[in-house]
Amino acid sequence: MTAPLWDFADPFLWPVTVQAEHIDALAHTRNTHYVEWCMEAAWAHTTALGLGAEDYRRLDRAMALTHAEYDYLKATREGDSLLVGTWITDWPGKMKMKRQLQIICAKTGSTVFRGTLQFVCIEISTGLPKRPPREFIDIYGPVISSATSSAGQKSE
C-alpha cells in the first residue's frame, strides 16, 4: 500500500469497504454512496468530538448543511477498502462552518473523491440560523485544520 497523501493533517478517519450493494450498472461504486459515506464520517467526527444528536437536541442547535460540492476522481469497485478522511477547515464568524472530505483507496493510496460541505448553525426548534452555543465554539474551534500543502491537494 502506498501511504495516503491527505490534503490536511490529522484526518478523522471513517473506514468503508465497497460491498456488492454499492455497485452500479457500470461495475463501480454508485455515486450516491460516496455522499452517504461522507455524511456518516462527518456525523461520526462530530460525535467523537463530543457533540452527538442528544447534545444537539439539548442545546436546541445544530449545524445544518447548506451547500455541498463533490469531485469524483477515480472509480472504486467491490471489495475496495476506502478511508474517508474529514476535517473542519473554516469557521468564519462562528455561524458557518466548512468541512472538507477526502476518500482514499487503502490499497493504492490514491484519492478517489473530494468533497466540501458548508453548514450554518440553526436553532432546531425553529429551523432559523442562530449563533452557536458556547459548547460548539469550545469543541469545534480548536480542531480547525489547515491544508498540509497546496501541492497535496492537486497531486492526484
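Quick notes on this structure:
- Subset of region 74-107 (residues that are in a strand (DSSP E or B) and of a type in the set (Lys, Arg)): LYS96, LYS98, ARG99
- Residue pairs whose Cβ atoms lie under 7 Å apart, separated by 6 or more positions or on different chains, with the first residue in region 29-48 and in contact (Cβ under 8 Å) with a residue 40 or more places away in the chain and over 18 Å from LEU73 (Cα atoms) and the second open to solvent by less than 70 Å² (accessible area, probe 1.4 Å) and of a type in the set (Val, Ile, Thr), are ALA41/VAL84; ALA41/THR86; ALA42/THR86; HIS45/THR86.
- Residues (without any contact (Cβ under 8 Å) to a residue 40 or more places away in the chain, among the hydrophobic types (A, V, I, L, M, F, W, C) and surrounded by fewer than 18 Cβ atoms within 10 Å (Cβ to Cβ)) located in region 82-132: MET95, LEU128
- Region 14-73: number of residues that are part of a helix (DSSP H, G or I) and among the aromatic types (Phe, Trp, Tyr): 4
- Pick from region 54-70, criterion of a type in the set (Asp, Glu) and surrounded by 13 or more Cβ atoms within 10 Å (Cβ to Cβ), ranking: nearest to PRO129 (Cα to Cα): ASP60
- One residue stands out among those in region 19-43 that are over 18 Å from LEU117 (Cα atoms) and either touching a His at 6+ places or on another chain (Cβ under 8 Å) or among the aromatic types (Phe, Trp, Tyr) (or both): the one that is surrounded by the most Cβ atoms within 10 Å (Cβ to Cβ), which is THR29.
- Among residues of region 108-137, those that are closer than 22 Å to TYR70 by Cα and not in a strand (DSSP E or B), counted: 3
- Qualifying residue in region 82-91 (condition: among the hydrophobic types (A, V, I, L, M, F, W, C), touching a strand residue (DSSP E or B) at 6+ places or on another chain (Cβ under 7 Å) and modelled with pLDDT under 95): yes
- Yes/no for THR46 being open to solvent by less than 50 Å² (accessible area, probe 1.4 Å) and hydroxyl-bearing (Ser, Thr, Tyr): yes
The values are calculated or read from the model by the stated rules, or taken from the named source; none is laboratory data. Keep in mind that what you see is a predicted model, and the values were worked out from it rather than measured. So basically every Cβ, Gly included, is an ideal-geometry build from the backbone, and we count neighbours across all protein chains shown. Areas reflect the complete protein model, heavy atoms only, side chains present, ligands, DNA and RNA absent. Shrake-Rupley method; radii C 1.70, N 1.55, O 1.52, S 1.80 Å.
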